[in-house]
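Data block below; observations after.
The values are calculated or read from the model by the stated rules, or taken from the named source; none is laboratory data. Computed from a predicted structure; not experimentally measured. In this analysis, Cβ positions are derived from the backbone assuming ideal geometry, glycine residues included, and neighbour counts consider all displayed protein chains.
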Amino acid sequence: MDRRIRRLGVGLVLLFAVLFAQLAYVQVFAADRIKNDPANARRQIIAEYKVERGAILTADGQVLAKSVANPDRHSELLYQRQYPGGALYGQLTGYYSRIYGRSALEFAMNPYLSGDAPELAISTFTDLILGRPKKGGTVKTTIRTDVQGAAQQALGDQPGAVVAIEPKTGNLLAMVANPSYDPNELSSGTDQDINDAWELLNEDPEKPLISRAKDELYLPGSAGKLITASAALEHGYGPDSEWPNPQFLDLPQTTNTLANFGNEVCHGGSRTVTMAEAFQESCNVPFAEIGLKLKARKMSEQARAFGFCPTDPPEQVDCMEPTIPFVLPFEVGHFPVPAYFQDNAPLLAFSSIGLDNVVTNPLHMALVAGSIGNAGTMMEPRLVTEIRDAQGRVVRTFDPQIYGNPIGPRTAADMRTMMLSVTQGGTASSAFAGFPIQVAGKTGTATNGEDVPPNAWFVCFAPAGPNDVPRIAVAVIVLDGGSLGNEATGGQVAAPIARDVIAAYLNG
């Protein structure tokens, strides 16, 4: 009897060993082969499309993405993904494609949209018990329909981008870029239709799949003087500090010179000029002097405080340390490390006026402007506020998060005053003549290569009166001079776009 029991026990142990070995083989050694098997990939896609994927909504409830029943009743794919807003929101929603996968919010929020997140377990289990089809969660964003529409209309067909945020929360109110793309073309139609659309998008030299609002980097030009002025104020040089005012600045270590826009003399040709006067007129020579006086370490530290990634061109030009968290891919601005300027002081002069290897994009500059309007506190950009289950219950919220305090409240107050002067008598005064709201801003016109029209910038926040609490910050870039070509400036081309966006938000 004992002998039989021992044999049975040994047999069971051997069976369990074989079972364990088989599981190990399937889950470890053969996992990649099984996963990549075309037949299994097809099964996975069919399983995904049996789920009614959750919707993506604007802050005011407009549907940006939704799943609808497949009109082809013979298809194995029960649902189709639709994007009612098309290209206007394409770079925010991303695409959900049976061939090319997911991008943007469709990728970042996939566990919620697909119903697989732990927060949706109760809802999913209830659907299972009651025999209902599985439904994903709804993602509510911070985007305002009116502000997004105003940004698109104001930018028109000009190449560039517009970003608007709330300074106190970091909420992304609008993000528009030209060109964009329609995610419907990658998410519905025949396989051939989807492949053709994908090839066209990837062959387009304008790169519509890459957002000019947050993925590309550009010289900020004089908009970069926000960093230089902040660094000066943080280190004891007030708005009334005096600086030499020659027509041309003789650069150290070279016979080259640096000039103001149009080779003009700042502030009527006086021998000295205050930082506030130079800021109002966007004079290059005094701000190059400020940067040289502060030296590389203080300039780099201030840029780093604003979230710029330190780089060491040309050896290291990629950002190895992403500094500002965001739910979507986000290429933060770059500012060279101090060692880069050690044997080349002229480059520090050019970096102090937003040139050389200082690069950024509208999303980052909107955060910089927002931090100045928010008394020196920079918020992380926020795009998603909450997740709701299929029954409409909130299962998760995403609260505003502070990124840091790049400047103190006193510096922020002085910056506000100087930025107000730009719209009330400076380089953006024509765009805001008669505008009922006080706006604090900074223009920028950045070189864009030889024989190519300049890029035009405007960065601002409003309302910006002494007793106002700013509610919106906007950054605009118009590439290649937009509609004005070589005659473009930030005040002429970009500032009116920001004005229209501010009006739409405050009126709304």
message: So for the range 283-295 (the condition being surrounded by 22 or more Cβ atoms within 10 Å (Cβ to Cβ), at negative phi, in contact with an Asp or Glu (Cβ under 7 Å, 6 or more places away or on another chain) and not in a loop (DSSP other than H, G, I, E, B)), does at least one residue qualify?
response: no
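Consider ALA232 carefully, then state whether it is part of a helix (DSSP H, G or I) and either closer than 30 Å to SER352 by Cβ or touching a residue at least 12 places away in the same chain (Cβ under 8 Å) (or both).
Numbers: part of a helix (DSSP H, G or I): yes; either closer than 30 Å to SER352 by Cβ or touching a residue at least 12 places away in the same chain (Cβ under 8 Å) (or both): yes.
Yes; evaluated as a whole, the condition is true for this residue.
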task: Working only within the range 210-229, note down all residues that are buried (at least 18 other Cβ atoms within 10 Å of the Cβ), of a type in the set (A, V, I, L, M) and either without any contact (Cβ under 8 Å) to a residue 40 or more places away in the chain or touching a Pro at 6+ places or on another chain (Cβ under 8 Å) (or both).
output: ALA213
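Could you count how many residues in the range 170-195 are in contact with a Pro (Cβ under 7 Å, 6 or more places away or on another chain) and surrounded by 24 or more Cβ atoms within 10 Å (Cβ to Cβ)? Break it down into steps so the answer makes sense when it comes.
Our first condition is that a residue be in contact with a Pro (Cβ under 7 Å, 6 or more places away or on another chain); within the range 170-195, this holds for 170, 172, 178-181.
After this cut, where a residue has to be surrounded by 24 or more Cβ atoms within 10 Å (Cβ to Cβ) as well, the list is 170, 172.
Here the count works out to 2.
Looking at PRO381, PRO336, which is the one that is surrounded by 22 or more Cβ atoms within 10 Å (Cβ to Cβ), within 30 Å of GLY137 (Cβ to Cβ) and in contact with a Leu (Cβ under 9 Å, 6 or more places away or on another chain)? Even if it seems obvious, please write down each step before you answer.
Working: PRO336 fails: within 30 Å of GLY137 (Cβ to Cβ).
Result: PRO381 is the single residue among PRO381, PRO336 that is surrounded by 22 or more Cβ atoms within 10 Å (Cβ to Cβ), within 30 Å of GLY137 (Cβ to Cβ) and in contact with a Leu (Cβ under 9 Å, 6 or more places away or on another chain).
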message: Name the residue that is surrounded by the most Cβ atoms within 10 Å (Cβ to Cβ), counting only residues in the range 133-150 that are of a type outside the set (Val, Ile, Thr) and under 25 Å from the mean Cα position of the chain (by Cα).
response: GLY137
query: Out of the range 367-378, which residues are closer than 16 Å to GLN401 by Cα and part of a helix (DSSP H, G or I)?
result: LEU367, VAL368, GLY370, SER371
message: For the structure I just gave you, tell me whether GLY94 is touching a residue at least 60 places away in the same chain (Cβ under 8 Å), farther than 25 Å from LEU209 by Cβ and not charged (D, E, K, R).
response: no
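When only residues in the range 379-389 that are part of a loop (DSSP other than H, G, I, E, B) and of a type in the set (D, E, K, R) count, which is farthest from LEU226 (Cα to Cα)? Steps first, answer last, please.
The initial filter retains those residues of the range 379-389 that are part of a loop (DSSP other than H, G, I, E, B), namely 380-381, 383, 389.
Retained after the next criterion (residues that are of a type in the set (D, E, K, R)): 380, 389.
Details: GLU380: 19, ASP389: 43 Å.
Only one residue fits best here, namely ASP389.
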query: Can we say ILE407 is closer than 20 Å to ALA464 by Cα and modelled with pLDDT of 95 or more?
result: yes
- prompt: Which of the residues that make up the range 128-149 are farther than 16 Å from GLU48 by Cα, in contact (Cβ under 8 Å) with a residue 24 or more places away in the chain and not in a loop (DSSP other than H, G, I, E, B)?
  reply: THR138, VAL139, LYS140, THR141, THR145, ASP146, VAL147, GLN148, GLY149
- line: Within the range 52-79, residues assigned to a loop (DSSP other than H, G, I, E, B), basic (Lys, Arg) and surrounded by 12 or more Cβ atoms within 10 Å (Cβ to Cβ) come out as ARG53
query: Is one or more of the residues making up the range 412-422 at pLDDT 95 or above, more than 16 Å from LYS225 (Cα to Cα), outside any loop (DSSP other than H, G, I, E, B) and among the basic types (Lys, Arg)?
result: no
- prompt: Which pairs have Cβ atoms under 6 Å, sit 6 or more apart or on different chains, and link a residue in the range 306-318 that is within 28 Å of ASN405 (Cβ to Cβ) to one that is aliphatic (A, V, I, L, M) and modelled with pLDDT of 85 or more?
  reply: PHE306/VAL368; GLY307/ILE324; GLY307/VAL332; CYS309/VAL332; PRO310/VAL337; ASP312/VAL337
- line: Within the range 340-359, residues modelled with pLDDT of 95 or more and either assigned to a strand (DSSP E or B) or surrounded by fewer than 16 Cβ atoms within 10 Å (Cβ to Cβ) (or both) come out as VAL359
message: Tell me yes or no: at least one residue of the range 403-410 is of a type in the set (S, T, N, Q), part of a loop (DSSP other than H, G, I, E, B) and within 30 Å of ASN256 (Cβ to Cβ).
response: no
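So how many residues does the range 111-121 have that are touching a residue at least 40 places away in the same chain (Cβ under 8 Å) and in a helix (DSSP H, G or I)?
Within the range 111-121, the subset touching a residue at least 40 places away in the same chain (Cβ under 8 Å) is 112-115, 117, 119-120.
Okay, now just the ones that are also in a helix (DSSP H, G or I), so 112-113, 119-120.
Selection size over the range 111-121: 4.
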field: Matching option when the condition is farther than 24 Å from ASN486 by Cα, aliphatic (A, V, I, L, M), in contact with a Lys or Arg (Cβ under 8 Å, 6 or more places away or on another chain) and at pLDDT 95 or above, among ALA223, ALA231
entry: ALA231
- prompt: Only one of GLN82, GLN153 is surrounded by fewer than 20 Cβ atoms within 10 Å (Cβ to Cβ), under 30 Å from LEU506 (Cα atoms) and of a type in the set (S, T, N, Q); which?
  reply: GLN153
- request: Select from the range 384-406 the residues that are crowded, with 21+ Cβ neighbours inside 10 Å and in contact with a Leu (Cβ under 7 Å, 6 or more places away or on another chain) and list them in ascending order.
  value: ASP389
Pick from the range 250-273, criterion part of a helix (DSSP H, G or I) and surrounded by 12 or more Cβ atoms within 10 Å (Cβ to Cβ), ranking: modelled with the highest pLDDT: CYS266
Of all residues in the range 49-83 being among the hydroxyl-bearing types (Ser, Thr, Tyr) and touching a helix residue (DSSP H, G or I) at 6+ places or on another chain (Cβ under 6 Å), the one that is nearest to ASP191 (Cα to Cα): TYR83
